[in-house]
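So the structure is just underneath, and the comments pick up after that.
Every read-out reported here was derived from the displayed coordinates using simple, explicitly stated rules and does not represent laboratory data. Keep in mind that what you see is a predicted model, and the values were worked out from it rather than measured. Cβ atoms come from the backbone with ideal geometry, glycine included; neighbour counts cover every protein chain shown.
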Amino acid sequence: MTRFFDSDVFYAFRTSPVAICSLVVTVLLVLSAVFAPLIATTNPFDPASLNLMNGFTPPMEPNAFTGERFWLGTDDQGRDVYSTILYGLRISLFVGISAVLLAMVIGIFLGLLSGYVGGWTETIIMRAADVQLTFPSILVAMLIFGVAKGVTPVEYRDQMAIWVLILAIGLSDWVQFARVVRGATLVEKSKDYVAAARLIGRSPLAIMIRHILPNVLSPVLVIATISLALAIIAEATLSFLGVGAPATQPSLGTLIRIGQGFLFSGEWWILAFPACTLLVLALAVNLLGDWLRDALNPRLR
Amino acid sequence: MLSFIVKRVGQSVLVLLVTGLVAFSMFTFVGDPIDNMLGQERTMEDVERLRTQLGLDQPFVVQYVRFLEQAAQGNFGISYRQGRPVAEILMERAPATLELAAVSGILAIVMGIALGVFTAIRRDGVAANLIMSISLIGVSLPTFLIGILLIYLFSVELGWLPSFGRGETVKIGGWSTGFLTESGLKALILPAITLGLYQMTLIMRLVRSEMLEVLRQDYVRFARARGLSNRVVNFRHALKNTMVPVITVIGLQLGSIIAFAIITETVFQWPGVGLLFINAIQFVDIPVMAAYLMLISVMFVAINLLVDILYAMIDPRLRSAS
Amino acid sequence: MTKPVLSIVNLTVEIPTRRGIFKPVEGVSYDIRPGEIRGVVGESGAGKSMTGNAVIGLLDPPARITEGEVWLNGRRIDQLDAEGKRRIRGGEIAMIFQDPLTSLNPLFTVGEQLVETIQLHLGLSATEAQKRAIALLDRVRIPNAKERFHQYPHQFSGGMRQRVVIALALCSEPSVIVADEPTTALDVSIQAQVLDLIKELARERQVGVILVTHDMGVIADTTDQVTVMYEGRVVEQGTTSQILGAPTHAYTKSLIAAVPRPQVKLRRFPQVSYGGRDTAFKIEDLARNWDRSTTSKSGTLLEVKGLTKRFLEKGAILPSHRRYFTAVDDVSFDIKDGEVFGLVGESGSGKSTVARMLATLYPVDGGTVTFDGQEITGMTAKQLSAYRKQIQMIFQDPFSSLNPRMSVGDIVAEPLAHHKLLSRSEVGPRVRELLDRVGLAPDAYRKYPHEFSGGQRQRISIARALATQPRFLICDEPTSALDVSIQAQILNILKDLQEHLGLTMLFISHDLPVVRQMCDRVGVMRQGKLVEVQETSALFERPQSSYTRELLDLMPRLEQLSEKEIADLRT
């Protein structure tokens, strides 16, 4: 642990206000998502706690009928925007993180395999990756979502939507990881420490996991962070387009979709606050990824 | 060189075959076409007859080949939702999307490369750092939010530009263009910026990082050591080397412009194929989804092939490799 | 004496780091006269390249000149602004970099790069510049200059590219050339030609040359004046014969002494003691519990017959369309018990490929390898595991041969744990013991490879190799990435291993003097074929093949040693 605090990366972190800020913001947002039920004023999805009379209350002003005040106002159904954002954040982060994890696991596995084993295995995996890369990931995600929607019975569609979303974004994003891991694996494989391990007699699996994997993790970390921002945006985009999280389990994207309808009639807060939250989240994660890439790339220093 | 192109063409055909397979599998496994085509009142004989008629009793491979044949002739079947031939609907919608994509593509490439080179050369300058910071916001801002923001500002608040639709169009042959009317051009501005902005930031950041990488190379140091001016080093030596990897990625980016058009078209209710596709997904209109997939994969493949050839023209190592 | 073209006076370069200010160059002064070659020699980190970069204004920030002056043809140039420095660069001062493969822009023809530089500096018309460029290519002895003018850098070999780089440096008719390790990346035969060319051009055009190198042989062959640097300072300078013949500073003496001599075999390498680097190696302790019971029955431990390796050069779906490159072609030799067998050759001669086949890292395409009466091709997994326990390998690059993410303790423990030679609780103490024996401090166990210097890493590699108590050790250029003083230490350790533990070794090197010192018998390889095999002394005194003779002729030599000096060295 002391080794970590003395490392150049930690030093670079300590001296970069941008890095510290973005990490703090990210952590705060993740924490508020995790503890949403505790810090939200109401559970916006519990019909019992809703009062339609509270609809369209502007932020910080008392409602015309009930006199109740809401920090960030309410939406058309009288749901507290602050609480819906917290719950939306939960969905957005859950989908984003799960999708990146899925992509990462698939990508690392296939990348290591094709890089280390080579031959036909490599050709097949990388050709598949090339074909998929020809199509933008958002489109792949839409297609997977569309197909999955087609095969799920209508009554389960809403329930399954979140998982389908994770699957769609995760499967659309593994190529990045696989390519980076394969590239790094090819570099590491040619190094003599791998030859030394082979000479000792370690099995290919042991070499891949024990020797190569730890050495290819730092580019993976960078990609994962940047992918997280992209996955969150992708999820929001899909939900905004109406092919993502359903209205019963709204993510930030769904909230923006709902809010868009009221923008032109003057109820700006229903859209503005979820949009700001999404922007701040994506920006913080992006800044973190950007900083990580510079800090972990020794050539830039 | 020739063998390189032949190889690439081969790969493109492979890509098309794979996409065809995906599209065809959607037909076969997602939803039953018989269900979709016959109403509630049907007999077993009807089902059997239609099955034979459609060739659904044939083996998978035979059906796949038939699908490809049909697709090559532009026959993708009938939309479940609109009940019209899919090809006809697509042809109606395609000009809108292509015009939008072309304008924003040019915008993204020209501005992206110019800003990328600028920020790489003036690495530590105030303006370059400002542009980089703004670009990070650009990357973090989802396309649909940019669109909503622009609509709010220029349509709702200022009332300068229309917030939806394509304006008036003029028909030239089978092509309906919005370039020739004032309202058509006005309607194009906001969607084009929305669609181009995100791609522009990506291209700019890519050009910047590739160029910085090139500027660190020995041959650039050696060019400087020979006393070549900054202008010659930056724009002759470094820029050409930067363009080699950048061109590949720009090819991919052009592809994603067509995909991201889906989002822009939804926000602006732009009557293109993207909007058609998103509606198809919502209503599980498989023939439209499959046709869209085939159409854009043809476009992607064409773009990529073009990029590869361009790539080989720039890099002498590839040219003489054969 | 003529006036110097370039004078460096009391130059200091500083780099601010988070742990204080680091001075890679401190108070360095020297002069260059027209037509003179000044060698700047020292080990890595001595500040020799940094001085050259400072002179031509190519320091990478945050490094900066904080003190001193640089004078060029009577003009002070260190205080010029960026534009002024650029005018001098490539004009009056030209530069040659180490790696010819990366010095040329791959997307422009050689001609384009030459013409561009000539036009910039001499203001000639395009046709005249082209004429001049072709004349220059001709001058640096590139055959068919007219045709090659239109070719791209990737169509040139390494040596030819370095000639192009030299031609580029000459474009502006400079008065000084800074050559930073110009031949380090090249083979010996090419190295000699390039150095000759530089020597010739310096005389002919009256150019002053700063030749930065770590190689005493290059200094002896090429330079007129020598500056010896150590940790950023000049320790000694003077004419080449003076410095090599009668060095006065202790560091210079130790540096010269550590250079392996091709003329005579010594029992041990003279070690550089300057600067107090650790040299401890406890061979007696190691030998005490070394199991030496196994010896082969026939006296020949390893027998190689008709060994062949082909690499796929161009893949194709049809086997008949595939093109192969034969890296090792019908190679046969044997290694006796307890012998050190050397393989020499230039890069690409296939010597490392042989080593990797013996180590089972590459599959064998043809021929047989017999180890202690057992053929290794076609061994079962169990036999193979037993074989691997008995062979170990020391690699060339100490920076890539240790896994950067594993602690040193884990690295050395891995072979013990894998072969289950010791119980879990015994592994730790055994590893600590091994690290201690190879001269590393006890805290090395928990550290990671990046915390060690190149020489220390090679010691870690040796500890790992010794962990399974092997009988056969393959050393693939074990010291070619190391400074000469460290090289002496490592070579002495290897000699100890052979003498005290009776290890049999295959020693691979491109460095003939080192081979002379290390090996009992030597095989010479060229383009995948074994050219000749001889006793070491016989090979050096009566080479059989013309290729060996050529290699020996090209070998850079230090001074001719007197009988007395040889006698001194022997003791």
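Across region A:124-168, the convex hull enclosing all Cα atoms gives 72 Å³ per residue. Of all DSSP-defined beta bridges confined to chain C, some 55% are antiparallel rather than parallel. Pair-distance distribution P(r) for region B:236-291, from all Cα-Cα distances in 5 Å bins starting at 0: 4, 18, 18, 16, 12, 8, 8, 7, 5, 2, 1 percent. Over chain A, the alpha carbon radius of gyration divided by the compact-protein estimate 2.2 N^0.38 Å works out to 1.18. Computed from the Cβ-Cβ distance with R0 of 22 Å, the FRET efficiency linking A:GLU155 to A:ASP46 stands at 0.50. Counting only aspartates and glutamates at least 8 places from C:LYS265 when in the same chain, those with an alpha carbon closer than 17 Å to its own are C:GLU339, C:ASP496, C:GLU499, C:ASP511, C:ASP520, C:GLU535, C:GLU541, C:GLU559, C:GLU563, C:GLU565, C:ASP568. Taking chain C, how much of its Cα-Cα pair set, in percent, is spaced more than 42 angstrom apart? Cα-Cα pairs of chain C separated by over 42 Å account for 29 percent.
Based on DSSP H segments of at least four residues, each scored -39500 (n - 2.57), chain C has a per-residue ellipticity at 222 nm of -11000 deg cm²/dmol. Between 0 and 90 degrees, rounded to the nearest ten: what's the tilt of helix B:286-314 against the longest Cα principal axis of chain B? That works out to roughly 30 degrees.
Each listed q (0.05, 0.06, 0.08, 0.09 Å⁻¹) maps to a log10 I(q)/I(0) for the protein assembly as shown, found by the Debye formula over equal Cα scatterers with no solvent: -0.45, -0.65, -1.06, -1.25. Report, in whole Å, the centroid distance computed from the Cα atoms of region C:511-552 and region B:165-238. The two parts, judged by their Cα centres, are 60 Å apart. Taking every DSSP beta bridge that has both ends in the protein assembly as shown, the antiparallel portion is near 60%. So what is the relative contact order of chain A, in percent, for Cα pairs below 8 Å that sit 6 or more residues apart? Answer for chain A is 22 percent. Peptide B:231-238 has a mean shielding of 2, counted as Cβ atoms of other protein chains within 10 Å of each residue's Cβ. Between the helical axis of B:60-72 and the longest alpha-carbon principal axis of chain B there is an angle of about 70 degrees. Put in order of Cβ neighbour count within 10 Å, fewest first, the listed residues C:TRP71, A:TRP71 become A:TRP71, C:TRP71. The simple spin-label model puts a point 7 Å past each Cα toward its Cβ; for B:MET44 and B:THR181 those points are separated by 5.7 nm.
Contact order for region B:86-276, expressed relative to its length and based on alpha carbon pairs under 8 Å spaced 6+ residues apart, stands at 34 percent. Using a simple spin-label model with pseudo-atoms 7 Å out from Cα toward Cβ, C:LYS420 and B:ILE172 lie 8.0 nm apart. Annotation: aspartates and glutamates with alpha-carbon distance below 20 angstrom to C:LYS382 (same-chain offsets under eight excluded): C:ASP372, C:GLU414.
Exposure proxy ranking for C:ILE376, C:ILE474, based on other Cβ atoms within 10 angstrom of each Cβ and starting from the fewest, stands as C:ILE376, C:ILE474. In region B:86-276, one over the average inverse separation of all distinct C-alpha pairs is 18.1 Å, which is the Kirkwood hydrodynamic radius.
If you look at the Cα atoms of region C:1-121, you get an Rg and a Dmax of 15.9, 47 Å. Shown for chain A are the DSSP H helices of 20 Å or more along their axis, judged by Cα atoms, with a mean Kyte-Doolittle hydropathy of at least -1.0: A:17-34, A:81-117, A:119-134, A:137-151, A:157-189, A:213-240, A:269-296.
Between C:HIS450 and C:PHE22, take the C-beta separation as r, use R0 = 25 Å, and let me know the FRET efficiency to the nearest 0.05. Efficiency, from the Cβ-Cβ distance: 0.90.
Measuring nothing but alpha carbons in chain B and taking Rh as the Kirkwood radius, the Rg to Rh ratio lands at 1.06.
Working ranking of peptides C:55-67, A:192-204, C:185-197 by packing, defined as the average number of other Cβ atoms within 10 Å per residue, highest first, is A:192-204, C:185-197, C:55-67.
Report, in degrees rounded to the nearest 10, the 0 to 90 angle that the Cα long axis of helix C:381-390 makes with the longest principal axis of chain C. Helix C:381-390 sits at roughly 60 degrees to that axis. The residue list C:ILE93, C:TYR547, C:SER172 was ranked by how far each Cα lies along the charge dipole of chain C toward its positive end, using unit charges on Cβ atoms, and C:TYR547 comes out on top. Legend: ranking of residues C:GLU204, C:GLU181 from fewest to most surrounding C-beta atoms inside 10 Å; resulting order C:GLU204, C:GLU181.
Applying a threshold of 21 Å to the alpha-carbon distances of C:LYS48/C:LYS447; C:LYS336/C:LYS389; C:LYS282/C:LYS495 flags C:LYS48/C:LYS447 as lying beyond it.
When the helix-only estimate is applied to chain B (DSSP H runs of n ≥ 4, each -39,500 (n - 2.57), divided by the residue count), what is the mean residue ellipticity at 222 nm, nearest 500 deg cm²/dmol? Counting only the DSSP helices, I get -24000 deg cm²/dmol. Summarised in one figure, the compactness ratio Rg/Rh of region C:78-126, Cα atoms and Kirkwood Rh, is 1.02. Where only DSSP H runs of four or more residues are counted, chain A gives -23500 deg cm²/dmol as its mean residue ellipticity at 222 nm, each run worth -39500 (n - 2.57). Mind checking the log10 I(q)/I(0) for region C:6-257 at q = 0.11 Å⁻¹? Debye, one equal scatterer per Cα, no solvent, two decimals. Taken in order of the listed q values, log10 I(q)/I(0) reads -0.59. Between the beta carbons of B:VAL9 and A:TRP120, assuming R0 = 25 Å, the FRET efficiency works out to 0.65 to the nearest 0.05.
Here the contact order of chain C, divided by its residue count and restricted to Cα pairs under 8 Å and six or more residues apart, works out to 15 percent.
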